[in-house]
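Chemist: My structure is below; once you've seen it, I'll send some questions.
The values are calculated or read from the model by the stated rules, or taken from the named source; none is laboratory data. Everything numeric in this text was worked out from a predicted model, so none of it was measured. We place every Cβ from the backbone using ideal geometry, glycine too, and count neighbours over all the protein chains shown. Accessible surface is based on the protein model in full, side chains and every heavy atom, while ligands, DNA and RNA are left aside. Shrake-Rupley method; radii C 1.70, N 1.55, O 1.52, S 1.80 Å.
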Amino acid sequence: MRVLAYSLLVLAASLSACESPKTATAEVDSPAAAAPPNSAASAGPAAASAAPATPVNAMQSPETQNPALPPDQQYRLLGVIDPDMNNVVAFALKVPRDWKVQQSFKRKWAGAIPTPQVYLSFRSPDGSQQIEYLPTDDYTYADGPMAQNMRMQMQSMGIPSPANDRPPMPALAYIKQVLLPRLAQRGLTLRNLTNETALPSEKAPNQVVKSGAYVDGELGNGRRARVACRMHQQTMQANGETYYAWTVVPSITQTNADLAASYAHTKTAQESITMNPTWQKLNNDVVQKGQRMNSDAHDQNMADQRRWADIQRQGHNQRMADIQRQGAANTARYNERMDQMDASHNAYMARSKSQDQQHEYYVDAIREKEKYTDPTTGERVKVDAGYNHVYTDQRGHYYGSNTPINASSVNWQELQKLSMKEY
């Protein structure tokens with residue numbers, strides 16, 4: 001079961017969208033496009049829960065915190081909209097002022113759980129420079145006795161490993177072994193590779209390590225290009241198992257002129273990303289609903305399987321009873337095998353559920369999120385990590401603090417942080 005929506009919404013894209021991506025931009029000098037519609041903006045209290053350290057109405061859209069830049073400045077602020085949520089601004093970032101922008105905001109689904117997929121393309125007025133952000137690749141991997149045993153069981157049952165089940169690798173190796181071959185399959189072949197550069201790693205909170213790399217080369221159209229990726233990797237250990245969750249954000253910068261100068265625009269864009277808490281709350285609600293639907297569908301499927309197994313067992317037992325003593329012996333042996341299979345299956349499902357809990361816990365850690373519960377109502381909520389105490393005012397607002405306060409004096413309720421086993 002996948003947990004969607006990375007907390008910083010790393011830029012994503014689909015190369016297939018490169019052919020005819022839908023143009024949909026929202027800039028700070030276009031208030032109608034940059035601000036969330038009334039239906040989404042009215043969720044102000046809910047938005048506060050996604051960013052407890054931010055005042056309740058501190059960011060209803062990127063425009064409110066980033067005034068329009070003067071005309072003589074090099075960059076403008078672009079609001080990237082989510083068409084599936086009434087064109088709410090999802091995040092904002094800087095782009096060169098006079099460049100043309102194209103975007104495609106879609107979602108891929110794991111059952112009922114969506115993952116945003118954003119394609120962005122920036123082109124200079126004369127077409128000599130182009131920056132593209134490609135699909136975000138999310139991977140998880142577990143290593144240890146239990147994980148290895150589960151893989152063997154899946155192979156014996158003919159169940160293929162998930163596509164995102166891949167051990168982590170260095171960013172430069174990922175570009176050469178995964179990204180470049182994938183681009184070549186889609187008609188973007190990078191020749192005469194040079195300047196293979198691995199960027200220094202950087203430690204972040206919650207045992208996350210950020211890294212990156214890039215490779216320069218020449219495209220078939222004669223342009224110089226830099227294929228780059230940013231990588232976020234978290235490593236956790238529990239019960240003798242090592243768990244990895246890592247995300248890759250690829251980009252392609254191409255130009256007829258100075259490649260380093262064009263790539264500077266790429267860095268400026270990715271380093272200026274600012275999220276909209278209102279959109280984060282709306283997206284998280286959709287994800288949580290999808291998780292519940294996936295869980296309900298799984299439970300129903302298991303119930304149907306048990307009922308069908310019971311029907312088969314009853315008919316089998318009746319036939320065996322008609323064959324007298326030999327049939328009774330066969331029935332006993334069959335029931336014994338079925339009990340063993342049920343026990344093995346139940347153990348496998350219990351481990352799968354435990355891994356789902358661990359996966360959600362680790363992905364929340366990567367997002368720098370933590371799950372809390374209201375002891376008076378039992379309601380659960382995810383808020384930003386990094387606070388020793390989290391309170392609610394019973395109106396849907398959440399507040400984080402590193403020092404305790406007298407909650408009763410302001411009619412607040414302190415929430416309780418959940419451990420991994422309580423997820």
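Chemist: Over the stretch 349-415, with the other protein chains present, what is the accessible area per residue in square angstrom, probe 1.4 angstrom?
Modeler: Numbers: 3350 Å² over 67 residues.
Result: 50 Å² per residue.
Chemist: Could you pull out every residue, at least 5 positions away or on a different chain, whose amide H is within less than 5 Å of the one on Tyr75? Hs are placed 1.01 Å off N in the peptide plane, and Pro or chain starts have none.
Modeler: Excluding prolines and chain starts, which carry no amide H, the hits are Arg97.
Chemist: Still on this structure: Given the C-alpha centroids of the stretch 198-262 and the stretch 360-406, what is the distance between them in whole angstrom?
Modeler: Result: 31 Å between the Cα centres.
Chemist: Let me ask something else. Over the stretch 75-275, give the accessible area per residue in Å² for a 1.4 Å probe, as an integer. Please list the in-between numbers first.
Modeler: On the way: 8800 Å² over 201 residues.
That works out to 44 Å² for each residue.
Chemist: Ignoring ligands, DNA and RNA, please state the percent of accessible area on the stretch 75-275 from carbon and sulfur, probe 1.4 Å.
Modeler: On the way: 4340 of 8800 Å².
Ligands and nucleic acids excluded, carbon and sulfur reach 49 percent.
Chemist: If you don't mind, another one. Report Phe105's accessible area, 1.4 Å probe, all protein chains in place, as a number in Å² to the nearest 10.
Modeler: Estimated to the nearest 10 Å², Phe105 gives 10 Å².
Chemist: Let me ask you something else. Cα to Cα, under 19 Å, and not fewer than 8 places away if on the same chain: which lysines meet these conditions relative to Lys289?
Modeler: Lys106, Lys108, Lys281, Lys353, Lys369, Lys371, Lys382
Chemist: What ³J(HN,Hα) values, in whole Hz, does the Karplus curve 6.51 cos²θ - 1.76 cosθ + 1.60 give for the stretch 390-400 when θ = phi - 60°, with x put for Gly and Pro?
Modeler: 10, 10, 10, 9, 6, 10, x, 9, 10, 10, x
Chemist: For the stretch 368-417, rounded, prolate or oblate, judged on the Cα gyration tensor with a ≥ b ≥ c (square roots of eigenvalues), a/c < 1.5 rounded, else prolate if a/b > b/c? The partial results should precede the final answer.
Modeler: Working: a/c = 1.83, a/b = 1.15, b/c = 1.59.
It comes out oblate by the Cα gyration axes.
Chemist: Which distance in nm do the two modelled labels at Gln394 and Met146 give, with both placed 7 Å along the Cα-to-Cβ direction?
Modeler: In this crude label model, Gln394 to Met146 measures out at 4.0 nm.
Chemist: Please list Met157, Met275 in order of solvent-accessible area, largest first, computed with a 1.4 Å probe with all protein chains present. Don't skip to the answer; put the middle values down first.
Modeler: Values: Met157 115, Met275 25 Å².
These residues rank, largest area first, as Met157, Met275.
Chemist: Continuing with the same structure: Based on the mean of other Cβ atoms within 10 Å per residue, sort peptides 209-220, 231-242 so the most packed one is first. Don't jump to the answer; show the numbers that get you there.
Modeler: Values: 209-220: 17.9, 231-242: 16.3.
Averaged packing, sorted descending, gives the order 209-220, 231-242.
Chemist: What residues qualify as long-range amide H neighbours of Tyr398, i.e. H under 5 Å apart, gap of 5 or more or another chain, H built at 1.01 Å from N?
Modeler: For Tyr398, the qualifying residues are Ser49.
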